[in-house]
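Worksheet for the structure shown next.
The values are calculated or read from the model by the stated rules, or taken from the named source; none is laboratory data. Worth saying up front: this structure is predicted, and the values here are computed from it rather than measured. Glycine also receives a Cβ, built like all others from the backbone with ideal geometry; neighbour counts cover every protein chain displayed. Heavy atoms of the whole protein, side chains included, go into the accessibility calculation; ligands, DNA and RNA do not. Shrake-Rupley method; radii C 1.70, N 1.55, O 1.52, S 1.80 Å.
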Amino acid sequence: MTDVTGFIKERKNGELKSLYFIMGAENYLIDAAVKAVAADPAFGDAGFNVSRFDKTSQRDEIEEAVFKAPFFSDRRLVIVKDCQYFASAGAKEREKLIAVLDDIPETTTVIFTFFGTDDLRKAESLKVTRIDKRNALYKKLMKDAFLITADPLGPDVLKKWLISSAKKQGVRLTSVTADLMLGICDSSMYGLLSEIDKLRNTGIPEPGYDDITDTVSHTTDYNIFVIQDSMYKRQYKKAFDVIDQVWADDRSFIGLTSALAGKFRLLYMAKRALMAGSSQYKAEESLIKIGGAAPYPAKLAVREAGQFPLEALEKSFRLILEQDIKQKSEVISPEDFKVFMLRLYRGL
């Protein structure tokens, strides 16, 4: 097993395998690993010798491609993305596909990719699909395929990649502005490339703080952070500006309210754990294991929960649930949502 970065370095001089399995929560890296295999000259003209399949593809289509002879080249490449037989349905077809993988011709290379993970905690923290380890196709690939992991890059590596990718597009990011981007917008690599493109289109070669905050798309988590921090400090205009922007972008506050519910749920759980005598570390561990929180949000919730009375958190959480029910049956205007936010944070 290797990660994508290591695989790409080794692939230049390594032999082609007959079967690869690329799994992870970063689509850009999954695609990069596939491209590294597909670039091998053994496949000749990709237009003739590469077959691509997705989750709608049937077993017989994949089988036909696997056993098809290469056209004026040494090998054929068959790429199966998020195969439907990773799910529980189609047991008979799945077994037939596994039989095909037992008999791959010497002139064919097969790649299976899966956007997700086999780890429960990763699936919850990264918000991706968890593959069932009992699935027969998964077991087959884990046993016989060359395994490549495509999980998100660490913060430092991702930051270097962001600065380098921006530079290639004529956008100069400093360490500070790169950190700002990673804190504000979608941290998926394809998402970041899209935001770099937006910055490039502004024509500003070295965007500053205001250029970035005005141009890139803010994630819901970042909006919640800004709103909550501003409401705590009674900086209502700053919070209301974010609410106006959310309305301009979505014409709805359903996503924002859902994120608020998640935030206050963690605060409430953290407060209960602390009141029960748990240390901060134990409370964080409980939020991760039981609440499904990622490590940093868990740490933040425990730190914030200590300053609020349990009754105030209970009242706020009830208000959010009432708001969530209300806005599913009627359109909530920005002004009404601001009134709701004032009620929500009044007791905190």
(message) Please verify whether LYS289 is at pLDDT below 90 and surrounded by 14 or more Cβ atoms within 10 Å (Cβ to Cβ), treating the condition exactly as stated.
(response) no
(request) Can you tell me which residue within the stretch 233-258, out of those that are within 11 Å of MET341 (Cα to Cα) and of a type outside the set (A, V, I, L, M), is surrounded by the fewest Cβ atoms within 10 Å (Cβ to Cβ)? (result) TYR236
(request) Being modelled with pLDDT of 90 or more and either farther than 18 Å from GLN245 by Cα or open to solvent by less than 20 Å² (accessible area, probe 1.4 Å) (or both) is the filter here, so list the residues in the stretch 327-337 that pass it. (result) ILE332, PHE337
(request) Of all residues in the stretch 186-207, count the ones that are in contact with a helix residue (DSSP H, G or I) (Cβ under 9 Å, 6 or more places away or on another chain) and either open to solvent by 60 Å² or more (accessible area, probe 1.4 Å) or farther than 25 Å from LEU153 by Cβ (or both). (result) 9
(request) Out of ASP54, ASP31, report the one residue that is open to solvent by less than 80 Å² (accessible area, probe 1.4 Å), free of Cβ contacts under 8 Å to residues at least 24 places away in the same chain and under 29 Å from TRP161 (Cβ atoms). (result) ASP31
(request) Could you grab the pairs with beta carbons closer than 8 Å, sequence gap of 6+ or different chains, first residue in the stretch 138-158 and more than 15 Å from THR5 (Cα to Cα) and assigned to a loop (DSSP other than H, G, I, E, B), second one open to solvent by less than 60 Å² (accessible area, probe 1.4 Å) and of a type in the set (Phe, Trp, Tyr)? (result) ALA145/TYR20; ALA145/PHE21; ALA145/PHE112
(message) So if I check each of ILE148, ILE163, ILE104, ILE111, which one is at pLDDT 95 or above, of a type in the set (Val, Ile, Thr), in contact with a strand residue (DSSP E or B) (Cβ under 8 Å, 6 or more places away or on another chain) and surrounded by fewer than 20 Cβ atoms within 10 Å (Cβ to Cβ)?
(response) ILE104
(message) Among the numbered criteria (1) loosely packed, with under 15 Cβ neighbours inside 10 Å; (2) touching a residue at least 60 places away in the same chain (Cβ under 8 Å); (3) of a type in the set (Lys, Arg), which one does LYS122 miss?
(response) (1)
(request) Scan the stretch 167-176 and give yes if some residue there is within 18 Å of the chain's Cα centre (by Cα) and either open to solvent by 70 Å² or more (accessible area, probe 1.4 Å) or among the basic types (Lys, Arg) (or both), otherwise no. (result) no
